[in-house]
Amino acid sequence: MLAAPAAARTSSTCWPDIHGVPVPAYDEAEHAVWRALIGRQRALWPGRACDEYLQALADTGLVCERIPRLADISDRISSHTGWQLVRVDGIVPDDEFFAMLAARRFPSTDFIRDAADLDYTPAPDIFHDLVGHAPLLTHPRFAAFFQRFGEAGVRAHKLELPARHALARLYWYTVEFGLICTGEGLRIYGAGILSSHQEVGYSLSAATHKHAFDPDLIARTDYDVWHLQDELFVIDSFDALEAGFARWTEQAGLSG
Ligand SMILES: [Fe+2]
């Protein structure tokens with residue numbers, strides 16, 4: 001599991017073309033960390049990750065043996081929905097983060113965790129950002145929801161509305177830790193689960209409390225970034241996620 005709105009600082013709403021960003025000189029130990037992470041996650045995803053994610057994972061070419069270039073993944077995403085990746089150093093301030101989402105830009109780190117931190121890293125790394133977040137950026141409905149999320153965040157911060165505090169919870173319980181109900185049973189779409197070895201199995205187990213997607217309830221539900229997640233929310237579809245969030249933003253005064 002990982003922290004919510006994530007990635008580093010840029011100073012304006014004009015972000016650099018990721019193609020101009022140098023690719024880190026990853027050493028073999030870093031590629032081995034990527035290989036270990038992707039190897040054990042891919043063994044868990046069948047029957048647990050949602051079909052939309054698995055298809056998107058194949059489309060973006062992220063099941064690979066070496067750390068991919070952000071620019072290559074960004075181009076593949078962009079060809080589907082226009083979303084692009086922006087390389088950042090770490091956590092981005094909320095107002096910048098929301099402005100990026102509103103412009104269909106997702107901030108991604110390009111460094112990878114240490115081998116000693118395979119199971120948990122409190123800050124995002126390239127494995128979480130790419131394998132967790134990037135695939136669903138190719139999905140039209142999720143892409144539209146995520147852009148709307150950014151637009152709501154921009155408005156909430158600009159007007160300093162109380163509802164901006166609820167957005168972190170909505171992000172956590174959807175983008176990071178969301179489950180989806182399918183004809184084959186519950187599946188995972190949240191990046192924080194999909195990129196975590198422990199959360200994949202735990203999230204679908206009887207140990208967690210699974211609630212129907214309810215933005216008002218989510219807005220009142222705190223979360224703990226340091227432990228496995230016990231409270232989870234289930235959407236019926238990505239259409240329902242988009243529509244439910246749109247209704248909530250209207251009620252909260254966050255729609256444009
Ligand atoms: Fe994340």
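A few comments on the model shown:
- Number of positions in the stretch 86-110 that are touching a helix residue (DSSP H, G or I) at 6+ places or on another chain (Cβ under 6 Å) and open to solvent by 40 Å² or more (accessible area, probe 1.4 Å): 3
- In this structure, Ile218 qualifies as under 18 Å from the mean Cα position of the chain (by Cα), away from the ligand (no atom under 16 Å from the Cβ) and not polar (S, T, N, Q).
- Candidate set from the stretch 223-247 (those that are open to solvent by 20 Å² or more (accessible area, probe 1.4 Å) and farther than 13 Å from Phe177 by Cα); member that is farthest from the chain's Cα centre (by Cα): Arg247
- Residues being part of a helix (DSSP H, G or I) and surrounded by 14 or more Cβ atoms within 10 Å (Cβ to Cβ) - total across the stretch 152-197: 23
- Ala123 vs. criteria under 19 Å from Trp172 (Cβ atoms), open to solvent by 30 Å² or more (accessible area, probe 1.4 Å) and either without any contact (Cβ under 8 Å) to a residue 40 or more places away in the chain or within 15 Å of the ligand (Cβ to nearest atom) (or both): yes
- Selection within the stretch 126-157 - within 16 Å of the ligand (Cβ to nearest atom) and of a type in the set (D, E, K, R): Asp129
- When Glu160, Glu184 are screened for being more than 16 Å from the ligand (Cβ to nearest atom) and at pLDDT below 95, only Glu160 passes.
- Unique match (being within 15 Å of the ligand (Cβ to nearest atom) and among the basic types (Lys, Arg)) among Arg104, Arg113: Arg113
- Every residue from the stretch 17-32 that is modelled with pLDDT under 85 and either part of a helix (DSSP H, G or I) or farther than 22 Å from Asp75 by Cβ (or both): Ile18, His19, Gly20
The values are calculated or read from the model by the stated rules, or taken from the named source; none is laboratory data. From a predicted model like this one, the values you see are computed outputs, not experimental measurements. Don't worry about glycine lacking a Cβ; one is built from the backbone with ideal geometry, like all the others, and counts go over all protein chains shown. Accessible surface is based on the protein model in full, side chains and every heavy atom, while ligands, DNA and RNA are left aside. Shrake-Rupley method; radii C 1.70, N 1.55, O 1.52, S 1.80 Å.
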